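**Q** Just passing along the structure, written as structure tokens.
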Amino acid sequence: MSLTDVKTGKRVRFVAVDGGHALQGRLAALGLVPGAEIQVFQNEGRGPVILSVGCSRMALGRGMADKILVI
Amino acid sequence: MKSKIVVALAGNPNSGKTTIFNSLTGSRQHVGNYPGVTVERKEGTVKHGDIEIEIVDLPGIYSLTAYSVEEVVARNFLVEEKPDIVVDIVDSSNLERNLYLAVQLKELGVPLVLAFNMSDMARALGYEYDLPKLSGFFEAPIVQTVGHRGQGMKELLDAVVATASAERAGCAKPLVEYGKDIEREITGIVSLVGKDAAMSEKYGARWLAIKLLEGDRDVQGRIRDPEIIERAAKSVSRLEGILHERLEAAMAGYRYGYISGACQESVRSTIEIRHHWSDRIDSVVTNRVMGLPIFLGLMYLVFQLTFTLGEPPMEWIEAAFGALGGTVAGFWPKGSESALKSLLVDGVIGGVGGVIVFLPNILLLFLAIAILEDSGYMARAAFIMDRLMHKIGLHGKSFIPMLVGFGCSVPAIMATRTLESRRDRLTTMLVIPLMSCGARLPIYALIIPAFFPQAWQAPMLWAIYLIGILLAVVLAKLLRSTLFRGESAAFVMELPPYRMPTVRGLLIHMWERGWLYLKKAGTIILCIAILMWALTSYPKKAVFDRDYESEADRIEVAYLAGVKDLNGKLELPGESGLLVGAIRAELAMAAKQEKHYEGEPGFAEAEREKDAAIAALARSEDGDVLTEFLELRDGIRKARDDFSQAVEKDGVAEGSPEYAGLAQARDNALKRIEAAHPDVYAPVLRFLDEAETPFREKLVELERSRKAEELSYSIAGRIGKALEPVLEPMGFDWRIGTALIGAFAAKEVFVVQMGIVFSVGEADEQSESLRKELSSHYSPLVAFCIMLFCLVSAPCMATIAITRQESGSWKWALLQLGGLTVTAYILTVLVFQAGRLAGIGV
């Protein structure tokens, strides 16, 4: 499923991102690699999604979050 | 041992790199640009023992891919300029992610020193590091630092120097190994790449092979041999077939795997959650319902603070500049027409002073912003604003530069560097001037109290700011749907954990931006002030349309004749020279005192002469009448003056109970005087109201007329007059036109210019006399239009210059200038004409 389908508070694992090289590279540098554990901190309405990966917390725009596949 | 070494500072954004850079180099910094891009290049030096260390602060980056300008710039720097040491500043409370860059740096083969920054936070979170072990894993000495307290700097420099002079170990074993399959392909590519001697010499063959497998565009562009590219492409498809995932992701996985492994062996964490407090705060602050109101509340607080706390220092600075002006003027005899004196006092001190006065306000705003940024709240604010900004077509990250723009557009435009997409960046830059900057405040402060009653004043100011914001929204939408069409950059924003800002950090950040404002004042505004002074003072008119000298004489004669007429009322003989003599003596004293400053002997001497003359008259026949007359006159004057002073000093509004009270007190005093001297009271009143006051008024009118003639003769005046047909539809006249010309250079100059134009002498926005002039010449509608026009029209020269610098071409700067001015014109014309038709505020 896509990251935007994940309810607030749930933990999921990163699988892949449906995007080009640039997006991949960027996310990878931030810690979003296959197998990385993601905790969704806030996913409400139509704004950016707040999540944490490892020790970092970040906000990702909805468009980007849509493209991230997780299980 | 070398005497000079070059060190590059690398690290993630938010790792405290800049603070460390500032700590190390202090004021010995130089900021420039990397050629061809608008990425900032900061360099500085520090002396450590005998060694001079040159430090280059690389842009904050997460890795060394080729996807952002910053990364490519950093990479190129490391490869081309081969610094002696690279210090990777690591946020040690978020170790694993930060080490990703360290691993990449190692792969590039640079000599590395790791700075575990924010070690105070890490300790507080319960992390314990086995530093020697970690050092071994990453083949780099590790120094623990606390950047915003300046701790660990010496140890860091020690490590840098030691590593620089140590023998470089030969071809070390690679840190990260990518598994059997990938390594096999790497070996294959390495042997091919080895043939391109130039490239493998510079970058290292293994690194090139890895990058090619990752599809690095920059490297691909530099490899000349197509065979290599082809081979890499084949490897990629082969590997992706085996691994069933994107190669780049897989390789990133290996890197993180290495880091994870190393950390598991060397890092102990005694407390699990890093974000505990931050979580709790965030659940409130980024809450869908409460987030926005909290944010708005904070913004309101920020503005309140900057305006109220800023008042006292502003008044102090104003007084200081006034005193300075007085002192400098004192070097010349009083009333001197020296050009140099005028240049210094009116031009330089007046012009530049007008800018510096706002420094406290602006510094406070930047301080507030620094607090919000350093504490980590800003990132949340950008997150909250993103939804809104997205609707306008702007990026959430545009919000911070726009906030800074309320202080000064110059640092605001520089702050747009955080926007990754050029489209977003340009749009933001072009609309930032609509965030009413600090320099426009004196204009509002001058006009609003002059034209609007007390109750309307604060709302008026808010209205102006709001109009600016709304216009920015409209314009941004317009730009995004025409010139800058396209997707906004994806919103990715790291939310650092909340932390307590340090005083040191705050001061550094506040000063970084405040300094730009001052520099602007010191340079551009100084030049403009001098230029405007020249334009309004020259050419000087020698022959006037009216013969002012003889007119002044005639007025004086009429005055004295009027005084003589009073003789009858006081039961003095018609030809008595008592009154006339006394008044003449006073006029003579005034004339003499014009030529001397208060402290000089000549000043007191003139008064003595007058006193002697009047005493002599008092001793002559009927002299007691004169004495009574003068006594009463002074008494009535005092009662009236006390009243006006009290009203002006405390800003008492007409019609208020306080006002009535003061008026009553004055009237009581007057009644007492009348009762004591019933016969002389009426003639004295007549003297005051029918002789003296008209006399003074006529002289003032004469002076003004002369100054106006002078002004319209000057270059600025002529330009203003020439522009009049264009200004008319907005309800402006040539005087406003002249002031606007000055304002084009720098907004602050507008008020000073208005003062000159209405020949009120030194004018600032507190000047009651200037306000009176304005309200008698213009209507509230015109006043509003003036503010509107100033709000929207061309930003000051400094802003245009910085726009050109940050956008890389004149095209955008001129678009900003032209677009905003045209918009201002159309809007103001519409408002004025509509207002006139509707009969509002006319």
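The values are calculated or read from the model by the stated rules, or taken from the named source; none is laboratory data. All of these numbers come straight from a predicted model, not from anything done at the bench. Here the Cβ is made from the backbone with ideal geometry for all residues, glycine too, and neighbour counts use every protein chain on show.
**Q** Where residues in region B:524-539 are of a type in the set (Val, Ile, Thr) and surrounded by fewer than 21 Cβ atoms within 10 Å (Cβ to Cβ), which of them is nearest to the other protein chains (Cβ to nearest Cβ)?
**A** Step one: list which residues in region B:524-539 are of a type in the set (Val, Ile, Thr), which gives B:524-525, B:528, B:530, B:536.
Applying the additional criterion that residues be surrounded by fewer than 21 Cβ atoms within 10 Å (Cβ to Cβ) yields B:524, B:530.
On the way: B:ILE524: 38, B:ILE530: 49 Å.
Per the criteria, the residue is B:ILE524.
**Q** Hey, another quick one. Before we move on, is B:ALA198 more than 27 Å from A:ALA36 (Cα to Cα) and more than 14 Å from chain A (Cβ to nearest Cβ)?
**A** Details: more than 27 Å from A:ALA36 (Cα to Cα): yes; more than 14 Å from chain A (Cβ to nearest Cβ): yes.
Spelling it out, B:ALA198 is indeed more than 27 Å from A:ALA36 (Cα to Cα) and more than 14 Å from chain A (Cβ to nearest Cβ).
**Q** Between B:ALA639, B:ALA612, B:ALA604, B:ALA663, which is among the small types (Gly, Ala, Ser) and buried (at least 17 other Cβ atoms within 10 Å of the Cβ)?
**A** B:ALA639
**Q** Right, another one. Answer yes if at least one residue in region B:512-523 is modelled with pLDDT under 80, more than 30 Å from B:ILE356 (Cβ to Cβ) and buried (at least 17 other Cβ atoms within 10 Å of the Cβ), and no otherwise.
**A** no
**Q** I need the helices (runs of 4 or more DSSP H) fully contained in region B:329-398, keeping only those with at least 1 residues that are of a type in the set (D, E, K, R) and under 30 Å from B:TYR498 (Cβ atoms). Explain how you work it out, then say what you get.
**A** Working: elements: B:339-342, B:351-356, B:359-375, B:377-392.
Qualifying helices (runs of 4 or more DSSP H): B:359-375, B:377-392.
**Q** If you don't mind, another one. Within region B:568-588, does at least one residue satisfy the condition of being within 16 Å of B:LEU688 (Cβ to Cβ) and either of a type in the set (D, E, K, R) or out of contact with any Leu (no Cβ under 9 Å at 6 or more places or on another chain) (or both)?
**A** Yes.
**Q** Filter region B:140-156 for residues that are under 23 Å from B:LEU506 (Cβ atoms) and surrounded by fewer than 20 Cβ atoms within 10 Å (Cβ to Cβ) and give the result.
**A** Within region B:140-156, B:ARG149, B:GLY150, B:GLN151, B:MET153 meet the criteria.
**Q** Sticking with this structure for a sec: Would you point out the residue of region B:62-85, among those that are surrounded by fewer than 22 Cβ atoms within 10 Å (Cβ to Cβ) and of a type in the set (A, V, I, L, M), that is farthest from the other protein chains (Cβ to nearest Cβ)?
**A** B:VAL79
**Q** Tell me which residues, restricted to region B:403-424, are farther than 22 Å from B:PRO501 by Cβ, hydrophobic (A, V, I, L, M, F, W, C) and either assigned to a helix (DSSP H, G or I) or away from every other protein chain (no Cβ under 14 Å) (or both).
**A** Result: B:VAL410, B:ILE413.
**Q** State whether one or more residues within region B:95-113 are within 11 Å of chain A (Cβ to nearest Cβ), modelled with pLDDT under 90, touching a Leu at 6+ places or on another chain (Cβ under 6 Å) and in a helix (DSSP H, G or I).
**A** No, because not a single residue in region B:95-113 is within 11 Å of chain A (Cβ to nearest Cβ), modelled with pLDDT under 90, touching a Leu at 6+ places or on another chain (Cβ under 6 Å) and in a helix (DSSP H, G or I).
**Q** Still on this structure: Quick one: B:ALA445 ticks every box in (1) crowded, with 19+ Cβ neighbours inside 10 Å; (2) in contact (Cβ under 8 Å) with a residue 40 or more places away in the chain except a single one, so which number is it?
**A** So B:ALA445 meets the others, but not (1).
**Q** Shifting gears a bit: Output the residue which, of all residues in region A:59-71 that are without any contact (Cβ under 8 Å) to a residue 40 or more places away in the chain and surrounded by fewer than 24 Cβ atoms within 10 Å (Cβ to Cβ), is farthest from the other protein chains (Cβ to nearest Cβ). Quick ask: steps written out before the conclusion?
**A** Within region A:59-71, the subset without any contact (Cβ under 8 Å) to a residue 40 or more places away in the chain is A:59, A:61, A:63.
From the residues that got through so far, the ones that are surrounded by fewer than 24 Cβ atoms within 10 Å (Cβ to Cβ) too are A:61, A:63.
Working: A:GLY61: 3, A:GLY63: 6 Å.
So the residue we want is A:GLY63.
**Q** Now, a different point. Return the residues of region B:89-114 that are more than 19 Å from A:ARG26 (Cα to Cα) and within 34 Å of the chain's Cα centre (by Cα); say none if nothing qualifies.
**A** B:ILE89
**Q** Given (1) in a loop (DSSP other than H, G, I, E, B); (2) free of Cβ contacts under 8 Å to residues at least 12 places away in the same chain; (3) more than 12 Å from chain A (Cβ to nearest Cβ), identify the lone condition not met by B:PRO59.
**A** Of (1) in a loop (DSSP other than H, G, I, E, B); (2) free of Cβ contacts under 8 Å to residues at least 12 places away in the same chain; (3) more than 12 Å from chain A (Cβ to nearest Cβ), only one is false for B:PRO59: (2).
**Q** Going by the conditions given, is B:ARG224 at pLDDT below 85 and within 14 Å of chain A (Cβ to nearest Cβ)? I'd like the intermediate steps shown before the answer.
**A** Details: at pLDDT below 85: yes; within 14 Å of chain A (Cβ to nearest Cβ): no.
The answer is no for B:ARG224.
**Q** Across region B:400-424, which residue is nearest to B:ILE61 (Cα to Cα) among those that are more than 16 Å from the chain's Cα centre (by Cα) and free of Cβ contacts under 8 Å to residues at least 40 places away in the same chain? First the steps, then the outcome.
**A** Going through region B:400-424, the residues more than 16 Å from the chain's Cα centre (by Cα) turn out to be B:417-424.
Imposing the further condition that a residue be free of Cβ contacts under 8 Å to residues at least 40 places away in the same chain reduces the set to B:418, B:422.
Values: B:THR418: 12, B:ARG422: 18 Å.
Once the filter is applied, the top-ranked residue is B:THR418.
**Q** Hey, which of the helices (runs of 4 or more DSSP H) in region B:659-737, taking only ones fully inside, have at least 2 residues that are within 42 Å of the chain's Cα centre (by Cα)?
**A** On the way: elements: B:678-686, B:693-713, B:715-727.
The qualifying helices (runs of 4 or more DSSP H) are B:693-713, B:715-727.
**Q** Here is a further query. Could you check B:LEU478 against (1) within 14 Å of chain A (Cβ to nearest Cβ); (2) out of contact with any Asp or Glu (no Cβ under 6 Å at 6 or more places or on another chain) and say which number it fails?
**A** Failing condition for B:LEU478: (1).
**Q** Among the residues of region A:12-47, write down those that are within 7 Å of chain B (Cβ to nearest Cβ) and among the β-branched types (Val, Ile, Thr).
**A** A:VAL33
**Q** In region B:481-516, what residues are among the hydrophobic types (A, V, I, L, M, F, W, C), within 14 Å of chain A (Cβ to nearest Cβ) and not in a loop (DSSP other than H, G, I, E, B)? Walk me through how you get there before you give the answer.
**A** Pass one, region B:481-516, residues among the hydrophobic types (A, V, I, L, M, F, W, C): B:483-484, B:489-493, B:495, B:500, B:503, B:506-508, B:510-511, B:515-516.
Next cut, within 14 Å of chain A (Cβ to nearest Cβ) only: B:489-493, B:495.
Result: B:VAL492, B:MET493.
Residue by residue, here is whether (1) among the β-branched types (Val, Ile, Thr); (2) modelled with pLDDT under 70 holds:
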| position | (1), (2) |
| --- | --- |
| B:ARG735 | no, no |
| B:ALA745 | no, yes |
| B:MET754 | no, no |
| B:GLY761 | no, yes |
| B:ASP764 | no, yes |
| B:LYS772 | no, no |
| B:VAL792 | yes, no |
